[in-house]
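Values in this text are rule-based calculations from the coordinates and carry no lab data. Just so it is clear, the structure is predicted and the values come from calculations on it, not from any experiment. Positions of Cβ are generated from backbone atoms using ideal geometry, with glycine treated the same way; all protein chains shown enter the neighbour counts.
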Amino acid sequence: MTATQSPADCTEAPPYDPAGRPPTPAGRQSDRRLRLVGLNRIGRAFHGLAIATAAGVVALLGAVVLVLLEASGGSSARTGPAFLVGQTWDPVHNVYGALPAISGTIATSGLALLFAVPVAIGVAIFLTEFVPRRLREPIAALVDLSAAVPSVVWGFWAILVVAPFVGHSVEPVLARWTGGAGPFARPPTGFDVLSASVVLAIMVLPTISAISRSALGAVPRSQREAALSLGATRSEAAWLSVLRPARSGIVAGILLGFGRAAGEAVIVVGLIGNVYALPTSLFAQGQTIAGEILNDLNSGLPPERSALVELGLLLLVVTVLVQLAARGIVRWAEASRPRFGSDRSGRATRILREFGSGGLPPDPGPGAPAAPGRRPHPRTRPGHRRIVRRARGIAAVALTGAATTLALLPLVSVLGTAISFGGVAAVHPSFYTSELPAACPAIAQASCPIGGIGPAIQGTLLLVGLASLVAVPVGILAGVYLSEYGRGRGTSIVRLAADLLVGIPSVLIGLFVVVVLLQGAPALDNTALAGALALGVLMVPIVTRATEEALKAVPQAAREAALALGFPRHRATIRVVLPSARYGLITGIFLAVARAGGETAAVVLTAFGSPYWFAGLNHPVSSLTLVIFEQGSQSSYSNWQADAWGAALVLLVLMLGVSVAARLMARGATRPDPEA
Amino acid sequence: MSGKLNVDGLNAWYGRQQVLYDLTLDLPESGVTAVIGPSGCGKTTFLRCLNRLHDELPGARVDGRVLLDGTDVRRLEATEVRARIGMVFQKPTPFSHMSIYENVAAGPRLLGLHRREDLDRAVWASLVRAGLWEEVRDDVDALGTSLSGGQQQRLCIARAIAVEPEVLLMDEPCSALDPIATAKVERLIAELKERYTIVIVTHNLPQARRVSDRTAFFYLGKVVEFDRTSAVFDHPKEALTENYVQGRFG
Ligand SMILES: Nc1ncnc2c1ncn2[C@@H]1O[C@H](COP(=O)(O)OP(=O)(O)OP(=O)(O)O)[C@@H](O)[C@H]1O
Ligand SMILES: [Mg+2]
């Protein structure tokens, strides 16, 4: 069948007629032939376009790496290896050292994992092993929803809720217990390494728990039942048969969580205290790589900028390595079937062989003790062990249940806080249409104009809309390439590039866009166009991978049916495959839109922000996240605070709405297609 | 009341769908009981009700009584029931990440056997009794899943008997095995029946005839006939049974 192999073959071959009917009259046949040639051109063009966009995704990754490498040149030439161990960041004397930022990044993301991982695994175990089936879906949906809360909202909420709690209730207690020794030195303030880590943990928890959950869920039911049939309790069955096989998936989730925590800028800037010094204590102020870039890039002069780029390069290397490690672990666990169980030394073999060298055990007759010389069977021994096992089972359920409750608390709290602080402003219709008011000190509260976030809403819609306009078609085409045209090495390179791009911290994408614009078109830095560009770069890989997954879910039979009808490949793709995958495609687009709409760091660096309505693509522009980030941090202006909370509420409603819609779509995608 | 396991008025459902109807049968203390019947008639479900594994499925429901030595299994702890009633599944299910040794030791460990010596003895004795020892003696640290299908199934039998159960349920233990491996498992059943009450589900009628002392014929979730194997096969009382054992069945 020529049609299935390559559309190009059709040019020379006679038109394929599946029914084997007699040739059509000459005129019509040449007509049809003409059409086929035309179709082939389109087919080839489509194929070429798909390959080109896919190559573009790889090129994008390459560009990010090369541009940052190149732009840091000035700095690395000047400071060299001293950069890595230097402890000061002094733009006045042009002395730059990265050690405080590096150690701040490691400390905060390490601590964040320390807090998040046990809770996340607890949630995953509770949801896959213990929770009644009926509650599983709703609870899982709520945990997943926390992932849709933008980090700027977490940060803003945390300044109000987490920092005071940590500063007043947790740290003084810790300090008293430990006598203020070592890592507990320094007066507690609530704006320090500990607070930042706690909030980072809250942010990465849903990611880690979702990945762990799918790893646990992938262990077949028969393994659990095998354990149960030996008399294991449910928690013992989980321990015996589920946790170990899922280990590699869980580790991969932890690594990805580490990457996200290390790359997060907005939360850090809000909570760590922003002091460029080594984090000598949990209660010390500090800084991270991402935080330093976000803080200084917009105001920095060229020498400092290239030092910041060099910092960014470090972060890039770390996140890429972490992601490669995560992929490697999963691959390794899938590919290698280790020949040995956990005891690799062959100890049991040696011991048992001696055991058995005396010959077979005497065949016990009926009623004889079961094994030679064995003690009374443990089951028949007093019930103390039974109580221990039962208690352990209850403890496992209680602990994982508590973890799940704990994991849901932040979402509840952030929603409650946003409603109570932002609700007042958000009920005024004028809030959505008017500009930011003049700043108004807290004392004059009564007469303060409330104003609104009209420009911010406009800006967000504009930025996300512009970004989607480019990123969605590009991402879909690249996804089509991966799923429909891709073969061999090329595909895996494109897929790897898209995966790595997804994992690159957004602050680095912002940095990349700034550097490119400063070199190519300095006038466009700090404009709406720059912001849209950065968001587009963020969205492309997300849409690409989501498209690939959605298209792969379309049964091969649907493609073959279309090809067998004589559809050229591109028409089969456009007419059959893409429409059947529509739910999955829309889910992917929604996820990408949510990611862009909630993005802050990249927008701060590129679109800059503005209190005014949109004034042109070459002017700075506002956005919801920017209002929260900028006005929210001005704690002395009460009406700005209220506006920021209103913006947070609007953003939350939008993000949660999009996320719920995406879930519903995804559910539609798994249901059999009524029209197919 | 006589017998090891007495099933009395057992009904079972998956969601709304009832699959077992009012089963009543008494399984004797020793010997092998074969359960035969067409696909989907509820044989597996029956076994899973005996060791309360049916309770673990969401939406599944049972009523009626299963007495183990005269005590209703639902009044015992599920873990105790399952330690006393072992099970071997249709497809071999060695723990995928454990060595042969660890697979067999898993059950005794649950019951509190932790001294290396005791574990070694239990593992060794179980492997010997499951007829696997000679084949794995040089490599009990290899992964359980690295064995052949027949060896894996005998490993699962070893794992089940390491817990010293009183009853052993086997759900089509040979359906994935070649004739040689099947013969080994059958020989094993003949040896084990001295010490355990064995219930075996099989689609292989000659096998049921070879290994069992009694046979229950299930049809559409009901027991049609339950008697000595020779009686069921040679002088069935019911026409349905006769049709089935003579292979005249859809
Ligand atoms: N997990 C389940 N959920 C819903 N229905 C089930 C489930 N397992 C079995 N059933 C249904 O219960 C009925 C009995 O199934 P069961 O597995 O007990 O039959 P069986 O006699 O063991 O069949 P086979 O010989 O094919 O193994 C079947 O109609 C089946 O569709
Ligand atoms: Mg069955």
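Against the globular-protein guess of 2.2 N^0.38 Å, express the Cα radius of gyration of the protein assembly as shown as a ratio, rounded to two decimals. Write out the running numbers ahead of the final one.
Numbers: Rg = 33.8 Å, N = 926, 2.2 N^0.38 = 29.5 Å.
Normalised Cα radius of gyration, the protein assembly as shown: 1.15.
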Relative contact order for the stretch B:106-175: what percent, with Cα pairs under 8 Å and sequence separation of 6 or more? 40 percent
I need to check one value: relative contact order of the stretch A:560-652, counting alpha carbon pairs closer than 8 Å and at least 6 residues apart, in percent. 17 percent
What percentage of all Cα-Cα pairs in chain B are separated by more than 33 Å? 18 percent
Could you tally up the Lys pairs in the protein assembly as shown with alpha carbons closer than 20 Å? Skip any pair fewer than 8 positions apart unless they're on separate chains. 7
Taking A:428, A:93 and counting other C-beta atoms within 10 Å, the order from fewest to most: A:93, A:428
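With n ≥ 4 as the cut-off for DSSP H runs, can you work out [θ] at 222 nm for the protein assembly as shown, using -39500 (n - 2.57) per run divided by the number of residues, rounded to the nearest 500?
Helix contribution divided over all residues of the protein assembly as shown: -18500 deg cm²/dmol.
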Between the stretch B:209-250 and the stretch B:1-59, how many Å separate their Cα centres? 17 Å
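Can you tell me how much longer the chain between residue A:331 and residue A:177 gets when fully stretched, taken as 0.36 nm per residue apart minus their C-alpha distance, in nm with one decimal?
Stretched fully, the residue A:331-residue A:177 segment lengthens by 51.0 nm.
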For residue B:26, other-chain or 5+-apart residues with amide H closer than 5 Å (H placed, Pro excluded) are B:7
Sort the following peptides by mean Cβ neighbour count (other Cβ atoms within 10 Å, averaged over residues), highest first: A:107-120, B:54-67, B:115-128. A:107-120, B:115-128, B:54-67
Percent antiparallel among DSSP beta bridges with both residues in the protein assembly as shown, to the nearest 5? 60 percent
Tell me, B:184, A:552 in order of fewest to most beta-carbon neighbours within 10 Å? A:552, B:184
Computed over the stretch A:396-548: relative contact order in percent, which uses C-alpha pairs under 8 Å that are six or more apart: 26 percent
Work out the FRET efficiency for residue B:14 and residue A:406 from their Cβ-Cβ distance, taking R0 = 51 Å, and round it to the nearest 0.05. 0.90
